[in-house]
Amino acid sequence: MNLPQFLMLTLLGSTTILYLIVKAAFSYWKYRGILHAPPTIPWGHMRGVGSKRHIADVLRRFYTLYRGQAPFIGFYAWLKPMVLMLDLDAIHQILVVNADHFEDRGLYNNVSTDPLTQNLIQLDGTAWEELHGKTKHLWLKEVILQTYPALMKVRKNFELTLKKEFRRETLTDVSGLIDQFNADVISSLALGLSDDFDENIAFRVFALNYINIKSRRYFLNIRMPNSLAFICPNWARWMNYRLFQPESTQHFLNMLRGKLKERAKLKSVPYDFLRIWSENRFPCKMNDNEIAGQAFTFIWAGLDACNSIVAFCLYELAFQPQLQEKARKEVRKVLKKYENCKRHEMLNELVYLKQLLNETLRKYPPYPFLLRMTTKDYDLPNTVFALKRGNHVIIPVAAIHNDPDYYENPYQFDPEHFHSSKVKTRPVCAFLPFGMGRRSCIAQHFAMQQLLVGLMTLLNMYRFAPCQNTIAPLRFDNSQFFLQPKPRIQLLMKPT
């Protein structure tokens, strides 16, 4: 056999083996006898995601087509078979009632080579249990409220900056506008950075570059090898793959360790998250990498999400000025009563503002789905269906939030969806912006507090209206797994 023949036979044999592997992968749900749409090789049900379609649109399509036919259907994220949940009762069982069967997310983490993955979002198993045990009591509402003075200090600085830079009517990128506030919240409360202008500017540039260039290559971006880390996290760990860039990781670790050493020499430090984490002794002290992992989560999981939520809310209010004026009246009434934010009880009286934020989270959930992984075989109650250990579960949050069975005129922005009388009539799992159960967003109370303060400050000082650069209807960046407008939202901002 000569060389060309050998190469041809090798290529033919390799192609045949690869085809059989792919064919077997795409036969998983057929062999299980589970309802599913025919997959397309090699994309499964993800064809066009990242370019022509957003993952939220794909999940919404399957949810609409199959809801009512079964509690879940089979779904393929490329070669990876997943369970797409359709029934809210079954979702409640998974997230709350029998959550001990679904405590993992199945995301990539590698603490030894990628230390910033040591966080409550990415960890699973005993590592997650240990870290959750160290931190869960630190996120209680009464603890979060103690950070209120530090948050108000950031708000005051934000207000002074706005007065200085936006004195006249101007066109503005509202995502960039609120980013200054949210980035300063992170730098001050999560990293304990000072009010030094240069220090905070340097952090803001670092955070934006890290998010935009480095860590946004998540598992639902079609570029390799990031999608490989999602499909085969064990292989990625074996290959010592790094989700976050080594240089930026080291820079962040050095910055945090430097701040911890600096604070150790001080007699008094502000009450912020860095102090809460570093002084925690129950059940045992957190090490520097654990603190860094939690602090970094504020950037890669919180910064863009909070920016987008406020931007989407202002966009909707710009087109419905009567809602905007109602919110502004509430804000000014509450500010007057509480002498410009001196007491945290003020936030409890921003009832309509909370309705606006909840409606924004419903219509534009920053994370359009939840992930869980079955850690032991599970029989769905009152059905003939079972989930096997190792099955990955998708809960299509955006699809549920736009289901007309739960929300009248779901594509209409209407804060009355969250009037207390209507909330009581809906299933508890019809609203899942922060998830639910043990693996829900542990920082959700602080996130809402931060969103309320940022939105309150802007509405008190400015009116927002559409301009010639405002895109309607909104379009989303298909390359991102979370909902982000593309192009960015431009509005006319007028001092009140």
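The values are calculated or read from the model by the stated rules, or taken from the named source; none is laboratory data. None of the values given here were measured: they were computed from a predicted structure. When we count neighbours, we look across all protein chains shown, and the Cβ atoms used for this are built from the backbone with ideal geometry, even at glycine. When the accessible area is computed, the model is the full protein with side chains, heavy atoms only, and any ligands, DNA or RNA have been set aside. Shrake-Rupley method; radii C 1.70, N 1.55, O 1.52, S 1.80 Å.
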Next item on the list: Evaluate segment 358-373: report whether one residue or more is open to solvent by 10 Å² or more (accessible area, probe 1.4 Å), in a helix (DSSP H, G or I) and touching a residue at least 12 places away in the same chain (Cβ under 8 Å).
Entry: yes
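Being within 30 Å of Tyr76 (Cβ to Cβ) and either under 23 Å from the mean Cα position of the chain (by Cα) or surrounded by fewer than 22 Cβ atoms within 10 Å (Cβ to Cβ) (or both) is true for just one of Ile231, Ile291, Ile309, Ile299. Which residue is that?
Ile231
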Notebook entry, point to check: Which one is least open to solvent (accessible area, probe 1.4 Å), of the residues in segment 49-84 that are among the β-branched types (Val, Ile, Thr) and more than 23 Å from the chain's Cα centre (by Cα)?
Noted result: Ile73
Note to self: Looking at segment 25-48, I want the residues that are closer than 11 Å to Pro81 by Cα and open to solvent by less than 60 Å² (accessible area, probe 1.4 Å) and have a partner that is among the aliphatic types (A, V, I, L, M) and at pLDDT 90 or above with Cβ atoms under 7 Å, at least 6 apart or on another chain. Which pairs are those?
What the structure shows: His36/Ile73; Gly44/Ala77; His45/Ala37; His45/Val58
Check: Given the structure, is Tyr338 of a type in the set (Phe, Trp, Tyr), surrounded by fewer than 18 Cβ atoms within 10 Å (Cβ to Cβ) and touching a helix residue (DSSP H, G or I) at 6+ places or on another chain (Cβ under 6 Å)?
Finding: yes
Checklist line | Candidate set: segment 417-459, residues that are hydroxyl-bearing (Ser, Thr, Tyr) and open to solvent by less than 50 Å² (accessible area, probe 1.4 Å); chosen: the one farthest from Leu88 (Cα to Cα) | finding: Thr457
Next item on the list: Tell me which of these Thr383 doesn't satisfy, since it passes every other one: (1) in a loop (DSSP other than H, G, I, E, B); (2) farther than 29 Å from Gly176 by Cβ; (3) open to solvent by less than 40 Å² (accessible area, probe 1.4 Å); (4) among the β-branched types (Val, Ile, Thr).
Entry: (3)
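From the list Val154, Val174, pick out the single residue that is surrounded by 15 or more Cβ atoms within 10 Å (Cβ to Cβ), modelled with pLDDT of 90 or more, closer than 28 Å to Asn348 by Cβ and touching a Ser or Thr at 6+ places or on another chain (Cβ under 6 Å).
Being surrounded by 15 or more Cβ atoms within 10 Å (Cβ to Cβ), modelled with pLDDT of 90 or more, closer than 28 Å to Asn348 by Cβ and touching a Ser or Thr at 6+ places or on another chain (Cβ under 6 Å) holds for just one of Val154, Val174, which is Val154.
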Note to self: Take the residues in segment 259-288 that are crowded, with 16+ Cβ neighbours inside 10 Å and of a type in the set (S, T, N, Q); name whichever of them is nearest to Thr135 (Cα to Cα).
What the structure shows: Asn280
